[in-house]
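Take a look at the structure set out below.
Read-outs: derived from the displayed coordinates by stated rules, not from any lab. The shown structure was predicted, so the numbers you read here are calculated from the model rather than taken from an experiment. Cβ: placed from backbone, ideal geometry, glycine included. Neighbour counts: every protein chain shown.
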Amino acid sequence: TLYPIIVVLTMAAAAAYAAGAISADTAIILAFYRGQVTKKSRPGAMAAVGMSSKDIQKYLKENVVVACENSQQSITLSGDPDGIEHAIERIHADYPDAFCRRLKVNVAYHSGETFLSPLFTCSIYEMV
């Protein structure tokens with residue numbers, strides 16, 4: 001059984017469709033509602049950091065999480081804007097030459113707070 005709340009990202013909806021788990025109509029509806037919820041979500045931020053998942057741990061707080069481990073030395077952080085800014089400042093203070101920059105997004109994608117909200121859950125369950 002495929003539960004709609006699990007299919008929260010556009011690519012995941014596309015993969016579920018390609019695997020025959022959901023119809024094209026459902027994949028389109030999921031992608032549409034993902035966009036709608038993104039517009040209504042609270043402000044967030046993300047940062048790209050050239051560190052390992054082990055080294056980044058001391059910079060994580062309740063409001064900053066690892067959104068993606070891109071490679072052994074590349075992490076994407078996600079969280080609220082102040083938390084991300086604070087993490088960037090701390091990383092630069094400890095490692096002045098480290099690659100660390102804020103991404104040009106206003107949503108904390110992959111943080112759990114954006115798409116697993118009650119608003120998103122209700123929106124998706126109304127449609128599927």
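Under 5 Å from the amide H of Cys68 lie the amide H atoms of Thr76, each residue being 5 or more positions distant or on a separate chain, with H modelled from the backbone and absent for Pro and chain starts.
When we measure straight from the Cα of Lys40, which lysines land under 26 angstrom away, once same-chain ones fewer than 8 places off are left out? Candidates past the 8-residue exclusion: Lys61, Lys104. For the pair Gln73 and Lys61, the difference between a 0.36 nm per residue extended length and the Cα-Cα distance amounts to 2.3 nm. Loop-located GluC sites (Glu not before Pro) across segment 49-104 with a Cβ neighbour count of 15 or fewer within 10 Å are Glu62, with loop assigned by DSSP. Cross-link partners for Lys54 among the aspartates and glutamates, with Cα-Cα distance under 16 Å and sequence neighbours closer than 8 places in the same chain left out: Glu69, Asp94. What aspartates and glutamates sit close enough to Lys39 to cross-link, taking a C-alpha to C-alpha distance under 17 Å and skipping anything fewer than 8 places away on the same chain? Straight-line reach from Lys39, under 17 Å: Asp80, Glu113.
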